[in-house]
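The block underneath contains the structure these notes are about, expressed in structure tokens.
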Amino acid sequence: MAKIIVSCRFKKNAKGVKNLIKYMGTRESVEKLPSAREYDLASLSQVRLIKSVTNHFPQSKTFLEYTDYKMLPTRQNAHEFLDAVAERYADCADELKGLVGYISQRPGVEKLGKHGLFSQFDLPIDLDDVAKNVSEHNGIIWTEVVSLRREDAERLHYNNAEAWKNLVRRNMNEIARAHRIQPKDLHWYAAFHNTTHHPHIHLIVYSTGAEGYLSEKGIRQLRRAFGQDIFRGEQYRLAKIETGYRNDLKQELMALMEDVQAHRNLPNTDYYLQILQRIQKEVQEQKGKRLYGYLPRKVKKLVDFALHELASEPRMKALYDKWIEINREKLSLYYDPKEEPPVPIERNIEFRSLKNLIIKTALSMDFSQENNLNAVRFGFLISSLARTIAQSAQKKLSDLNAKMPLADSKEREKIREKKLAHGQKDGSCGRDTLHA
């Protein structure tokens with residue numbers, strides 16, 4: 001679960017927003033649940049209301065408060081979740097009558113003067129005027145919530161309105177970009193709510209010029225901007241560790257390539273040599289710069305395949321697994337990386353330098369000498385163990401065509417047309433072929 005949650009909704013008309021603004025700025029304190037009952041299991045009425053709420057507002061299941069409730073369904077956690085739903089859907093809570101009672105029972109807002117509302121500049125804000133102006137706005141109005149866990153808010157000093165106010169102001173351009181609004185047309189108001197488990201801000205955004213648009217990509221941009229700002233120190237620490245593993249991977253690949261060239265106790269040496277020889281041949285036939293970014297797509301696929309195979313060596317795989325672990329921890333500061341599978345190393349843009357290293361090594365190798373050595377060595381493989389290794393290497397070489405990356409549809413069509421033109425049957429399996 002990400003450490004920062006950003007939930008975004010919009011209204012095409014301003015009905016209900018007037019009351020939301022007043023609620024954001026003037027929410028009064030309530031008496032907390034008695035401490036002796038905080039850890040009791042949620043009441044039957046709470047359970048029924050939560051079921052009704054999640055059916056009516058399915059997006060509420062992504063709230064941090066809902067995660068806490070599912071892990072530990074106590075009265076307190078049930079209250080926190082219903083509290084969060086009542087806040088974030090305050091402009092339409094009348095759609096679910098069971099929430100109406102909760103809206104009038106919120107924990108207190110930290111007030112900056114007579115109310116807790118703030119915006120881009122430290123000018124006096126008349127709550128009634130703001131509510132009136134926003135409610136009369138004819139365009140789209142976004143109502144958003146940015147939330148942290150209590151432990152993170154305390155540790156990073158986001159437990160007060162001043163810190164959140166400065167955060168939003170620093171990221172005004174990012175907010176505008178995410179909503180596709182010109183910065184000069186962006187208007188926003190916010191208030192900080194210091195709730196027990198998840199301190200958060202309510203944010204209202206709209207444009208006074210051209211209409212904006214907030215896509216899923218825009219929401220991710222917004223979450224990333226806030227997350228990277230809030231967790232800046234942790235981002236820097238994890239990035240340094242991540243860079244260390246990336247450098248270790250490069251050094252390990254260099255050592256592996258040296259071992260391949262020197263035939264040092266690698267069962268797959270002949271297999272790797274065959275791939276590198278093919279890379280050398282293909283790259284030498286190309287004009288221009290002999291770098292990955294300048295190669296044709298077919299040759300790039302071959303280099304990708306080489307990196308994939310070399311990265312399957314135990315030491316390489318262990319280092320890449322560690323890099324993935326740190327990368328996921330870094331990304332989890334602002335989104336849940338468990339939503340996506342790990343990126344294979346050959347598709348990871350962070351490791352393009354490894355592809356150029358493979359190309360450079362392949363071009364520097366003398367394969368005429370390597371082939372002579374191989375012929376002599378195979379002539380003397382008389383032990384059963386040596387024959388087993390040789391057979392395994394030969395099988396890998398035979399399977400290489402079948403394991404090559406799939407050709408795209410255009411390439412398959414060209415192959416099919418060429419076969420038909422030469423009177424051959426169209427028995428293509430849709431894969432690139434690799435010949436020794």
Report summary line: Here the qualifying pairs (Cβ atoms under 6 Å; residues six or more apart or on different chains; first in the range 130-154 and more than 18 Å from LEU117 (Cβ to Cβ); second open to solvent by 10 Å² or more (accessible area, probe 1.4 Å) and in a strand (DSSP E or B)) come out as ILE140/PHE10; SER147/ILE5
Query raised in the report: Taking the range 111-133, which residues are at pLDDT below 85, loosely packed, with under 12 Cβ neighbours inside 10 Å and either assigned to a helix (DSSP H, G or I) or on the phi < 0 side of the Ramachandran plot (or both)?
Result: ASP122, LEU123, PRO124, ASP128, ASP129
Query raised in the report: Out of (1) in a helix (DSSP H, G or I); (2) without any contact (Cβ under 8 Å) to a residue 12 or more places away in the chain, the odd one out for GLY227 is which?
Result: (2)
**Report entry** GLN235 being touching a helix residue (DSSP H, G or I) at 6+ places or on another chain (Cβ under 7 Å) and in a helix (DSSP H, G or I)
**Finding:** yes
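Here's the yes/no breakdown for (1) over 16 Å from VAL145 (Cβ atoms); (2) open to solvent by less than 60 Å² (accessible area, probe 1.4 Å); (3) in contact with a Pro (Cβ under 9 Å, 6 or more places away or on another chain); (4) in contact (Cβ under 8 Å) with a residue 60 or more places away in the chain:
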site: ASN173; (1), (2), (3), (4): yes, no, yes, no
site: ALA178; (1), (2), (3), (4): no, yes, no, no
site: HIS193; (1), (2), (3), (4): no, yes, yes, yes
site: PRO199; (1), (2), (3), (4): no, yes, no, no
site: GLU211; (1), (2), (3), (4): yes, no, no, yes
site: SER215; (1), (2), (3), (4): yes, yes, no, no
Query raised in the report: What number of residues within the range 247-288 are out of contact with any Pro (no Cβ under 8 Å at 6 or more places or on another chain), at pLDDT below 90 and not in a helix (DSSP H, G or I)?
Result: 8
**Report entry** Selected residue (criterion: nearest to THR361 (Cα to Cα)) from residues of the range 289-299 that are surrounded by fewer than 17 Cβ atoms within 10 Å (Cβ to Cβ) and within 28 Å of the chain's Cα centre (by Cα)
**Finding:** GLY293
Requested in this report: Would you please name the residue that is modelled with the highest pLDDT, looking only at residues in the range 62-73 that are open to solvent by 20 Å² or more (accessible area, probe 1.4 Å) and touching a Ser or Thr at 6+ places or on another chain (Cβ under 8 Å)?
Outcome: TYR66
Query raised in the report: Among the residues of the range 242-259, is there at least one that is under 30 Å from VAL168 (Cβ atoms) and either within 27 Å of the chain's Cα centre (by Cα) or exposed (fewer than 14 other Cβ atoms within 10 Å of the Cβ) (or both)?
Result: yes
**Report entry** Residue within the range 219-237 that is small (Gly, Ala, Ser), under 16 Å from VAL168 (Cα atoms) and either open to solvent by less than 70 Å² (accessible area, probe 1.4 Å) or modelled with pLDDT under 90 (or both) present
**Finding:** yes
Query raised in the report: Residue check: is ILE103 out of contact with any His (no Cβ under 9 Å at 6 or more places or on another chain), surrounded by fewer than 22 Cβ atoms within 10 Å (Cβ to Cβ) and modelled with pLDDT under 85?
Result: yes
Query raised in the report: Hey, GLN286 hits all of (1) in contact with a helix residue (DSSP H, G or I) (Cβ under 8 Å, 6 or more places away or on another chain); (2) crowded, with 16+ Cβ neighbours inside 10 Å; (3) without any contact (Cβ under 8 Å) to a residue 60 or more places away in the chain but one; which does it fall short on?
Result: (2)
Report summary line: For ASP83, the lone unmet condition from (1) at pLDDT 65 or above; (2) of a type in the set (D, E, K, R); (3) open to solvent by 60 Å² or more (accessible area, probe 1.4 Å); (4) closer than 30 Å to SER119 by Cβ is (3)
**Report entry** Residue satisfying all of: in the range 134-171; of a type in the set (Gly, Ala, Ser) and assigned to a helix (DSSP H, G or I); most open to solvent (accessible area, probe 1.4 Å) among these
**Finding:** SER135
Requested in this report: Would you mind finding the one in GLN76, GLN59, GLN46 that is modelled with pLDDT of 80 or more and over 30 Å from LEU156 (Cα atoms)?
Outcome: GLN46
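The values are calculated or read from the model by the stated rules, or taken from the named source; none is laboratory data. Given the structure is predicted, the values throughout are model-derived calculations rather than measurements. We place every Cβ from the backbone using ideal geometry, glycine too, and count neighbours over all the protein chains shown. Ligands, DNA and RNA are stripped out before the accessible areas are found, and what is left, the full protein with its side chains, is counted by its heavy atoms. Shrake-Rupley method; radii C 1.70, N 1.55, O 1.52, S 1.80 Å.
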